[in-house]
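Only the coordinates and a few stated rules stand behind these numbers; no lab work does. Small disclaimer: the values here were computed from a predicted structure and weren't measured. Note: ideal-geometry Cβ built from the backbone for every residue, glycine included; neighbour counts use all protein chains shown.
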Amino acid sequence: MSVYRALNRCVAGGCCRVRAARPLVHIRSASAGMPGAKRSDEEHLWEAASYLPFSRTRIGSFFQESPTLKNPFLEDALLRAYLRRHLPEEAVLEDLCRFGERVAKEVDSWGRDCELNPPRLVNFDPWGRRVDHIVTSPAWKRMKTLSAEEGMVAIGYERSFGEWSRVYQMSKLYIFSPSAGLYTCPLAMTDGAAKVIQSMGVSLPVDEAYSRLTTRQPERFWTSGQWMTERQGGSDVATGTETVAVPQTDGSYRLHGFKWFTSATDADMTLTLARVQDQTGATTPGSRGLSLFYAEVSRDEDGRLRGIEVQRLKDKLGTRQMPTAELLLDGLPAHRLSEEGRGVASIANMLTITRIHNSVAAIAAMRRVVQLARDYATRRTVFGKVLKDHPLHMQTLARMEVETRGAFLLVMDVCRLLGREESGLATQRDTHLLRLLTPVVKLYTGKQAVAVVSEGLESFGGQGYIEDTGLPALLRDAQVLSIWEGTTNVLSLDVLRCVARSSGMVLHAYFAHAKSLLSGASTVPSLAPAVKAVDGALSELQEFVQVAATRAPSYLELAARDLAYSLARIYAGALLIDHACWKGASQSDIYAALRWCEQDLCPVVTKQAKGCYDSSTPPLDTALVYDHPTHP
Ligand code: UCC
């Protein structure tokens, strides 16, 4: 009989007693050295088992403490300082503190439930009738109620805090996001739809929808979808949209088409694009043929979705908590919201809002992983001391913190600008800045989130890779942030487009504002290296822009991504410096600004100097990508 089987029998026979753990090597010598003792095999084995620290019922006495989520508002020094500086309203601070407590104690576990109980599609009822029912978890439904009660969308439209209302709303979403089980996705589209409806003038039939999107009453609250993506047009919406709108005699339309990615498909309504058919059935191709439509998701008396078939749910890397579906629009009743051919321009407001929400989700993911990692660093002992006392580990967490701070200030600045625009206070500079910075901040923070969250997982060692810790979901969900709402390259090209359309005015606004952010820095001498770096990078970037303006468009296209990164890094540096000069700033604020500004703030100039955008580069790039052996 093997020792292992014998031990099993022993344990199964109930002879297991608790004894002090001793190493196996001692057991062997002890049991072997008893002269003359007549003992059975079982007795010998029992003796061995009683000293084993690890057997079937004993798995050792050490259990690592898990990282603990504390009130994310109280734990966030920069958020609190930012609000103390710009929005020191007691009502706001109290609400965020209370909500932070609710997130840590209650909401976070619902978010986890959403992950563990993903939506599923029931196409048919037991008797074969088509029902296309998307079944969501109770936790997902609770998120909807909570979102209404907490005013997650409403705060932005109540405008109780004037130009700072958006900062308040987005701060709350920032606290909520990593615990929200991706409910922030429908909220982003709901906010975007409300913004579009509001900006187009609230009238029948969308006045009711607007009031439902922006209500705090859970029983009235609606969420909206944003059905833009078709099989041919994820990014190239203008060319790829095939959906047609057939005019009806009452002035409404019926939509026919196939929407390839529809997020949070359990929405109550949607905004979508389609081409209006003329009397001959013809449509206008390209962007000028697209119009914006409003449609409600409803069921007929037989329980069938009106004009929609849910083809299937997507099997995604992350965002598994929420349903993303392929939809066949088969006569969906709809109302045209925009003028004919003004679809893209009209939905652009929605894109601005959802891109800002995306950026908020990015900083929230970074902040959450930093908070958990620093908590864990006080609980985990390795090589004789807690992680917190290992300088290299602290250096890594500090770098994540610097990234998170820079990103936070970028995002909050865009929220500030949005708030100014919506409260009628925006100068022309603010408007230009908002247009330029929205894609810049979305693309930059989306990439940062993946990098910081990935680094963050490493700080939990192998546990960061283990599903039931909940940590891997953070990374999976971060990965979408650089993809949806415009990929990094599409948004880099959007930056070029807005520069061209404004005849460079968005860049003038950028340079003027970034320089003004440095103006208070002379009061803090220790910031001098950071100021020098940002000032120098601004001058270099200005020179680059002047040179690039004289080159072929292909030159700027190749530089687009690096240009966007440069705009983001320099602006974040200026914001960090500005924040560090504030009278309430801490030593950490100064340190963060210095550290941020040590990186290459202007990669577009660095790469320009290396000839990366010369006309010789694209063929070399292509040859490299398609490199294949020339010798058999
Ligand atoms: O739906 C999706 C998933 C939903 C989930 C949302 C969750 C979000 C956050 C969650 C947080 C947890 S994903 C699908 C997203 N799809 C995209 O983002 C599309 C990406 N493609 C682009 O952005 C392209 O650049 C297009 C589609 C905008 C390009 O179309 P066009 O027609 O070729 O563009 P044009 O011709 O340049 O612009 C047409 C008009 C112009 O106005 P006018 O005619 O007045 O000059 C532009 O100025 O639209 C205006 N326009 C803009 N305005 C275009 N882009 C913008 C903009 N970004 N801002 C303002």
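R0 = 30 Å: FRET efficiency of Gln311 with Val490, Cβ-based, nearest 0.05? The calculated FRET efficiency here is 0.75.
So for region 72-146, considering every pair of alpha-carbon atoms, how many percent are separated by more than 16 Å?
64 percent
DSSP assigns beta bridges within the chain; of those with both partners inside it, close to 85 percent run antiparallel.
Note that the chain carries a Kirkwood radius of 27.4 Å, evaluated over its alpha carbons pair by pair. Restricting the trypsin sites (Lys or Arg not before Pro) of region 357-402 to loop positions (DSSP other than H, G, I, E, B) with no more than 16 neighbouring Cβ atoms within 10 Å leaves Arg379.
When the square roots of the Cα gyration tensor eigenvalues are ordered a ≥ b ≥ c, the ratio a/c for region 265-356 is 1.5 or more and a/b does not exceed b/c, which makes its shape oblate.
Take the Cβ atoms of Glu42 and Arg80, set R0 to 56 Å, and the FRET efficiency comes out at 0.30. Put simply, when 290-297, 136-143, 221-228 are sorted by average Cβ atoms within 10 angstrom per residue, most first, you get 221-228, 290-297, 136-143. Give me the net charge of Asp268's neighbourhood, meaning all other residues with Cβ under 14 Å from the Cβ of Asp268; Lys, Arg count +1, Asp, Glu -1. Neighbour charge sum, excluding Asp268 itself: +2. Among the helices of the chain, those built from whole DSSP H runs whose Cα atoms reach 30 Å or more along their own axis and whose mean Kyte-Doolittle hydropathy is at least 0.5 are 343-376, 528-549, 553-581.
Across the options Ala91, Ala345, Gly257, the greatest Cα extent toward the positive end of the charge dipole of the chain (unit charges at beta carbon of Lys, Arg, Asp, Glu) belongs to Ala91.
For Ala592, the shell of other residues with beta-carbons less than 9 Å away shows a net charge of 0, using +1 for Lys and Arg and -1 for Asp and Glu. Remark: relative contact order (the chain) = 11 percent; criterion is Cα-Cα distance under 8 angstrom and separation of 6 or more residues.
Overall shape: oblate for region 435-553, with the ratio a/c of the largest to smallest alpha carbon gyration tensor axis at 1.5 or above and b/c at least equal to a/b. Around Ala81, what is the net charge, scoring Lys/Arg as +1 and Asp/Glu as -1 over all other residues with Cβ under 12 Å from its Cβ? That works out to +3.
Checking the cross-link pairs Lys144/Lys172; Lys105/Lys316; Lys259/Lys314 against a 20 Å limit on the alpha carbon distance flags Lys105/Lys316 as lying beyond it.
Does region 487-618 come out rounded, prolate or oblate, given a ≥ b ≥ c as the square roots of the eigenvalues of its C-alpha gyration tensor, rounded meaning a/c under 1.5 and, failing that, prolate meaning a/b above b/c? Prolate is the answer for region 487-618, as a/c is 1.5 or above and a/b outweighs b/c. Ignoring lysines fewer than eight residues from Lys607 along the same chain, the ones with Cα atoms less than 26 angstrom from its Cα are Lys442, Lys447, Lys515, Lys532.
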